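What follows is a short report on a single structure.
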Amino acid sequence: MTNSSNWINWFISLVVLLSACAFSSCSTINTVEPEVNLMRVDVQDVTLSHVNLLADLRVFNPNDKALTIQGVDYTLHLEGVKVFSGKSNLSQTIAPQEYGRLILRLSSAYWDIIQLLNKLPNRSDVAFSMEGSILVGGNRLFAQRFSFAKQGIIPLQKTTP
């Protein structure tokens, strides 16, 4: 009798756990895709082997409930050259109808930068495209992945001697 009651208790616990997971995932089922925009890219530092930048993403939550960002995958092309790619496992909650900021650390080898610089002589701006996906949901197991793709122009700042 003890074995059967242990098995029944185990089964009930499993059903309760699975139900809790299913109900926690319901909050992301009707989620409207957040809007992602690249606001700026700044040089953080330059090392002997890499250039490190910070990308400032602005994310708008168009939903009537808060969204929890679980992570971002991204690739940044400048003038058609894949310069940066990576993954960030940040976690941030954005209130309904509000904007949030995500700061991504981008790192690139000099070879990619040299390819880019060869395309830039006498240019006043740089074309960019950024693709990626954003993972949204309070529970990683049931989170939704939304893709984004942005294109535009980044003006180059001229330095004067």
Some residue of the range 14-35 being modelled with pLDDT under 85, loosely packed, with under 14 Cβ neighbours inside 10 Å and assigned to a strand (DSSP E or B): no
Residue that is under 17 Å from E35 (Cβ atoms) and over 14 Å from the mean Cα position of the chain (by Cα), where the choices are A95, A109: A95
Q151 more than 19 Å from L53 (Cβ to Cβ), open to solvent by 40 Å² or more (accessible area, probe 1.4 Å) and at pLDDT 75 or above: no
Some residue of the range 105-113 being among the acidic types (D, E) and open to solvent by less than 50 Å² (accessible area, probe 1.4 Å): yes
Members of the range 47-100 that are charged (D, E, K, R), open to solvent by 60 Å² or more (accessible area, probe 1.4 Å), part of a strand (DSSP E or B) and more than 23 Å from N118 (Cα to Cα): R58, K87
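The values are calculated or read from the model by the stated rules, or taken from the named source; none is laboratory data. Since the model is a prediction, treat every value here as computed from it, not as a measurement. Cβ coordinates were reconstructed from backbone atoms using ideal geometry, including for glycine residues, and neighbour counts include every protein chain displayed. For the accessible areas, the whole protein counts, side chains as well, though only heavy atoms, and no ligand, DNA or RNA atoms are used. Shrake-Rupley method; radii C 1.70, N 1.55, O 1.52, S 1.80 Å.
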